[in-house]
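Below you'll find the structure, written out as structure tokens, and then a few comments.
The values are calculated or read from the model by the stated rules, or taken from the named source; none is laboratory data. All values reported here derive from a predicted model rather than from experimental measurement. Note: ideal-geometry Cβ built from the backbone for every residue, glycine included; neighbour counts use all protein chains shown.
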């Protein structure tokens, strides 16, 4: 079966880690992830500038590795990301901001990508909360 | 069509659980994860609300969250992540109360 | 056939970007001509209160964007009667033409849609 997974919480929220463990279980169960979509505060889960203390779980780094390792389609909502200062190289240049925190493997794009994923997938599963 | 409702907020001082129980259909299921599992603390108002809802086999809780919080599960069926994935497929859709 | 999506908006209008971002999901889906519905639940019904003046807290007027929903093809608009009553809002004095539903009708509504997002 095909899943669309949407993440609405930052990397430090328990639900971001929960979404990641769920996504891993989806693949381990022989299913497919049509797309990961990061919206609202979920855009922070994609930030490359998070520095986790050494003895704490680095969920943002785990997301990055998960997306890269499985070559997943991982979209960060551009409007939500700009509002929260999560920028790729293009946007940082466009708005003349000093830092880029969204390098590969993420793609900045619009909410249409969430709708497209929901149409493609058998299940849309959203994660947020504590 | 059946819905798996998912809640991840503490029921103390939050309206999600109450609203969800109000709207839950007769075939719908509820999965508690994260701080929502505190609803399984016996002797509390949320616990009483869950008991009154009488969900039977349609109430679930994520195993790791019960374990982390030293909660036991008299009411809910305990699921791990693979079972969570299966649950989403056993229902027509998933409604997460973000 | 395209899958239908019900967006349940349950955040008050001026408590951060959540209400606007729920609305943005609806507007984006409407632009793709997808079958969409929107339900205002819990504090979300405060978005429907008439004569709000968000410029007092330097916010854009959400009501203007809500009014645009039918133009974007989002014509199925609902509000939870229980939430309205509990918050002292008059069903007949709302800023948007919504259908007010009781609990049983809400259960049926959620059952009818292919997918649901609650935020």
Taking segment A:70-89 and keeping residues within 20 Å of residue A:6 (Cβ to Cβ), over 10 Å from the mean Cα position of the chain (by Cα) and more than 13 Å from chain C (Cβ to nearest Cβ) leaves A:70, A:71, A:72, A:86, A:88
Residue A:50: at pLDDT 95 or above, surrounded by fewer than 24 Cβ atoms within 10 Å (Cβ to Cβ) and in contact with a helix residue (DSSP H, G or I) (Cβ under 7 Å, 6 or more places away or on another chain), yes or no? no
Count of segment B:47-91 residues which are within 11 Å of chain A (Cβ to nearest Cβ), surrounded by fewer than 17 Cβ atoms within 10 Å (Cβ to Cβ) and not in a helix (DSSP H, G or I): 1
Please specify each residue of segment B:18-27 satisfying the condition of being more than 14 Å from chain A (Cβ to nearest Cβ) and under 11 Å from the mean Cα position of the chain (by Cα). B:21
Can you tell me which condition residue B:43 does not meet? The list is (1) farther than 22 Å from residue A:8 by Cα; (2) in a loop (DSSP other than H, G, I, E, B); (3) within 14 Å of chain A (Cβ to nearest Cβ), and all the others hold. (3)
Which residues, taken from segment C:101-119, are surrounded by 14 or more Cβ atoms within 10 Å (Cβ to Cβ) and under 24 Å from residue C:24 (Cβ atoms)? C:101, C:106, C:109, C:110, C:113, C:114, C:115, C:116, C:117, C:118, C:119
Give the residue that is nearest to the other protein chains (Cβ to nearest Cβ), with candidates limited to residues of segment C:34-55 that are part of a helix (DSSP H, G or I) and modelled with pLDDT of 95 or more. C:42
Taking segment C:68-89 and keeping residues in a loop (DSSP other than H, G, I, E, B) and modelled with pLDDT under 95 leaves C:68, C:69, C:73, C:74, C:75
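If we scan segment C:25-33, do we find a residue that is within 21 Å of residue B:28 (Cβ to Cβ), within 13 Å of another protein chain (Cβ to nearest Cβ), assigned to a helix (DSSP H, G or I) and touching a helix residue (DSSP H, G or I) at 6+ places or on another chain (Cβ under 6 Å)?
Looking for residues that are within 21 Å of residue B:28 (Cβ to Cβ), within 13 Å of another protein chain (Cβ to nearest Cβ), assigned to a helix (DSSP H, G or I) and touching a helix residue (DSSP H, G or I) at 6+ places or on another chain (Cβ under 6 Å), one finds none in segment C:25-33, hence no.
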